[in-house]
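Notes for the one structure printed next.
Taken together, the values in this text are just the output of simple stated rules run on the coordinates, not laboratory data. Remember, it's a predicted structure, so these values are computed and weren't measured experimentally. Note: ideal-geometry Cβ built from the backbone for every residue, glycine included; neighbour counts use all protein chains shown.
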Amino acid sequence: MGDMVEQLPSIYVKIVKAKGLPVKDISGTIDPYVEVEVGNYKQVTKHLENYQNPVWNSVFSFSKEKLLSNSIVVNVRDKDFITDDFVGRVLFDVTKVPILVRLESPLAPQWYGLEDKNGQKIKGEILLAVWIGIQAADEFCHEAWNSDAQTQSVGGESLADMQSKVYFSPTLYYLCIYVIDAEDLISSEKNKQPVASVKVQVGHQLKATRPTQVRTNNPMWNEKLFFVVAEPFAEYIIVSVEDEGELVGRLIIPVGQVPQRGELPVFPHSRRYSLPRVAQEKGEEEKKFIFAGKIRLRSWIDGGYHVLDESSTFSSDFQPASKNLRKPKIGILQLGILSARDLLPMKNNDGRTTDAYCVAKYGNKWVRTRTCLHTLTPRWDEQYTWEVYDPFTVITIGVFDNYHINGNKEDARDRSIGKVRIRLSTLETDRIYTHYYPLQVLQPSGLKKHGELHLVLQFTCTAWANMVAQYGRPLLPRMHYVQPISIRHIDWLRHQAMQIVAARLSRAEPPIRKETAEYMLDVNNHMFSLRKSKANLYRIISSLSGILAICRWFNQISHWKNPFITILVHVLFFVLIRYPVLMLPNIFLCLFVIGLWNYPFRPKHPLQLDARLSHAEDADEDELEEEFDTFPTSEPIDIVRVRYDRLRSVMGLCFSIVGDLATKGERALSIVSWRDPRATVISTIFALSCAVLLYVCPIQVAQLIGLYWLRHPLFRSKLPPVAVNFFNRLPAKSDMLL
């Protein structure tokens, strides 16, 4: 694939190991480390205690374009309490360092003898390699310690949090526990039959069945409990049977022992487990296992579904969990994260401005750029590639401010600067898009624009037939339609999947922290927002505006607002009536012509987050405070009462519109339903009359009807037409509402 970012040359120094180092301490030991000086840059390896043959395996990169000198000095030093002792060094001239072009392997390290400060050979050798490579292409770019003029003030622990890395989120599966029944349950109290319920815990996920309606030793539940599990399956299923909150027995099953089910809807056989109860006798330290009954379960791990770990509105992956059920790839997506401009200072309390880095997420692959320190115009110039399996997917790129520089507290949170979403289906194949995207964040104080992000991306199709066929295939895997999971379960499972992905990424090094992953995954997207409710209401009105526009256009035609257009419509009408076989071809020809007409007006850049469409610009302060309030609310009761009354008024308006649409649909269905016997008689007689007339003289009747619709305003009445009056008098189910 071609380079989409600027070719920035960097000097790479790979320190592998050393041997035969001279002893420097009085105790006859040496604690060596390596200090690399490239012009005005400096980096050091970690020191190893009491090692004459140390191994470091460290790689450093230095920006070539900012060098103030052409010397490369590799110093070996001995770590001491007061002053570090000089052991030896190796000198290089930047002008003589070999240059590696794209796709070449890195330079093989060589043994170099150490010299003293006078250039004399001394005891000891060091294995290292020095070369100049392209930052976007070199395979050591992402694992090298990147050095610039500002990293000198950054501690070694913070350097790990500044590197660029690639992450893969875990493969998620649905775990279903079908709780069937139990036998011979023994309550902790003698001669008492339990009111039993079952609680199942998998990791941090906990779900429970309903308690039985009657007291019995052989209860039945027949309930399915769904959970989300991730590979590798190292967790346990804890099944607890309780009697009105008191533990009856507990069963522990490793998730790895649960059978996996593929695409076919074949369930494994149920299994009956002995249910032990752990009891502890008075005065005894050892626990005794007491039989408490048997429980029958059916459990399986389902790989035929796709576990949505994102909002279903803008998901980046629809593949099933099982690898053998996945579809072949259709293309490749390349993303170049170039730079940002006009960023706002995110830190004002310690003299810094913004330490920005980017995170991009598509499918199960996450990438993180390096952190650009103390600048409002960061420049990354990093390029990444993803395989594409479905064009109806979205890539998300977020920009964050690193709050973990210079040993900040572990509980510090990286602040979000903004994000960009790009749907792949809106991109033309093989076209390179480069554009500045606004970075906007909605906060309790209002909408804030934090700058602009410069991206370059390209979608290349490698299988045209598969890509075109994707438009006719179901969006989700087959199991979502054969055995659908209820919406109530899906929402809960999606939330659990997000938590698992965020927790797994936060354990990487350097981590993608929980607040970063949640912002990228839109964890709180399901929470109520009055602003989003109004935005969706106006979206419904806007989507219906096309039908209203056609009605207004036809009204202008029939009222002769433009006589020339009305005459043309008359001519077209008579042609279609005279040759009715041309009606459908003309409709499709019109669609074809409209598509060609709109081609020059196609979008030049991918769609971006629209603050006006989201009603973020004109949101009230109180509405934003309500949107960012905790769940459950932490506001006083008076504020909650005001918000509730406002919510009732807005929702009343929304659902009145929805109710009007439902009323019109019910009236259309009631034409022949005999709910209004007189209206049904009129409509059936009218339908019979139209059928007879169309059988006898179809063309003439159609012409008369068309001429009647297109009659001149002089022959029109100011009152509504008879058909409209008849439709408005039809009954609807709104009369049945309480």
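Could you compute the FRET efficiency for Ala108 and Ala463, with r as their C-beta to C-beta distance and R0 at 45 Å, rounded to 0.05? So the FRET efficiency works out to roughly 0.70.
For Asp85, the residues whose modelled amide H falls within less than 5 Å of its own, excluding neighbours fewer than 5 places apart on the same chain, are Asp78, Asp80. Counting other Cβ atoms within 10 Å as a rough exposure proxy, the listed residues Asp390, Asp85, Asp355 run Asp85, Asp390, Asp355 from fewest neighbours to most. A Cβ-based charge dipole, computed about the Cα centre of segment 305-442 with Lys and Arg at +1 and Asp and Glu at -1, lands at about 120 debye. Under a model in which nothing but the beta-carbon of Lys, Arg (+1) and Asp, Glu (-1) is charged, segment 172-302 shows a dipole of about 300 debye around its Cα centre. The stretch between Phe686 and His269, if pulled fully straight at 0.36 nm per residue, gains 144.1 nm over its current Cα-Cα span.
Extending 7 Å from Cα along the Cβ direction at Leu544 and again at Gln443 yields two label points whose distance is 3.8 nm.
Cβ crowding within 10 Å, taken as a proxy for footprinting-reagent exposure, orders Tyr33, Tyr471 from fewest neighbours to most as Tyr471, Tyr33. Gain on full extension, evaluated as 0.36 nm per residue between Lys561 and Trp597 minus their Cα-Cα distance, stands at 10.5 nm. Using θ = phi - 60° in the Karplus curve 6.51 cos²θ - 1.76 cosθ + 1.60, the 3J(HN,Hα) couplings for segment 239-256 round to 9, 10, 9, 10, 10, 6, x, 9, 5, 9, x, 9, 10, 10, 10, x, 5, x Hz; x is entered for Gly and Pro. Residues in segment 551-558 carry Karplus couplings, in order, of 5, 5, 5, 5, 5, 5, 5, 6 Hz; the curve used is 6.51 cos²θ - 1.76 cosθ + 1.60 with θ = phi - 60°, and Gly or Pro positions show x. The residue list Ile15, His47, Val36 was ranked by how far each Cα lies along the charge dipole of segment 6-52 toward its positive end, using unit charges on Cβ atoms, and Ile15 comes out on top.
Once the gyration tensor of the Cα atoms in segment 172-302 is diagonalised, the equivalent ellipsoid follows with semi-axes of 27, 18, 12 Å, ordered largest first.
Length available on full extension from Asp660 to Ile487: 0.36 nm per residue minus the Cα-Cα distance, which gives 59.7 nm. Each of Phe168 and Ile332 was given a label point 7 Å from its Cα along the Cα-to-Cβ line. The distance between the two points is 1.8 nm. Taking amide H positions as modeled 1.01 Å from N, with prolines and chain starts lacking one, the residues under 5 Å from Val388 and 5 or more places away or on another chain are Ile330, Gly331, Ile332, Leu333. Dipole of segment 312-526 computed with +1 at Lys/Arg Cβ and -1 at Asp/Glu Cβ about the Cα centre; of Met498, Thr385, Ala321, farthest Cα towards the positive end is Ala321.
In nanometres, what is the gap between the two model label sites at Arg210 and Glu115, each 7 Å from Cα along Cα-to-Cβ? It is 8.6 nm. Ordering Gly249, Gln213, Val229 by Cα displacement along the dipole of segment 195-259 toward the positive end leaves Gln213 in first place; charges were set at the Cβ atoms of Lys, Arg (+1) and Asp, Glu (-1).
Counting other Cβ atoms within 10 Å as a rough exposure proxy, the listed residues Arg215, Arg531 run Arg215, Arg531 from fewest neighbours to most. For segment 360-368, putting each phi into the Karplus relation 6.51 cos²θ - 1.76 cosθ + 1.60 with θ = phi - 60° gives couplings of 10, 9, 8, x, 9, 9, 10, 10, 9 Hz, in residue order, rounded to whole numbers and with x for Gly and Pro.
Amide H contacts under 5 Å for Gly451: Leu439, restricted to partners 5 or more places along the chain or on a different chain, H placed in the peptide plane at 1.01 Å from N.
Beta bridges from DSSP with both residues in segment 172-302: antiparallel share about 95 percent, rounded to the nearest 5.
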